Amino acid sequence: MEAKLALAATGPTSKSPSKVFVTAAEREWDAQFQSLLEFKKKNGHCLVPKVCPDNRRLSYWVFRQRHYYTEREKGNTSPLRKEHEEKLIGAGFVFKVKGNKDYLKMLQSKGNERFELTWEKYFTELKEYKQKKGNCLVPKVYPEHPAFQGW
């Protein structure tokens, strides 16, 4: 693994900084952990959905942390370090989402939100269709707007 040298002062009175090796993977983990904390600040929880349109890298990173945790629970080797697990738990991270009531509520609300947005969008389009055509009889085959046909 590629390691880059980072210098860190041992204290405010230190004249010579100590050498600390920080891997690219460690920097990436720290960056994604910060993204998780930002997500939590914005949403009030760490229940990042499988596909987070705002931050797909965070979604994938969260998926990997949960996978690594599960592997370690099964007795397999895992790159999830104990210190990382503790940081995640301290932030309110949930490793096991299957059956987690809060996670299920979040997924359901996201589904309802998408449904309501889609419904409102098509209802507006139906009103425009009526204004244009004089009726609400959208044909089953409507090449001008295939997603709208039959709605």
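None of the figures in this text is laboratory data; all of them are computed from the coordinates on show. Treat the numbers as computed from the prediction; the structure is a model and nothing was measured.
Computed from phi, the 3J(HN,Hα) profile of segment 55-67 under the Karplus parametrisation 6.51, -1.76, 1.60 (θ = phi - 60°) reads 7, 5, 4, 5, 4, 5, 4, 4, 4, 5, 4, 5, 5 Hz, with x in place of Gly and Pro. One way to sum up the overall shape of segment 45-96 is the equivalent ellipsoid from its Cα gyration tensor, whose semi-axes run 20, 13, 9 Å, largest first. Amide H to amide H distances under 5 Å link VAL22 with LYS4, ALA6, where only residues 5 or more positions off or on other chains count and H is placed in the peptide plane.
Set the bar at 30 Å for Cα to Cα. Now go through LYS42/LYS74; LYS42/LYS121; LYS41/LYS82; LYS50/LYS87 and name every pair that lies beyond it. Beyond 30 Å between Cα atoms: LYS42/LYS74.
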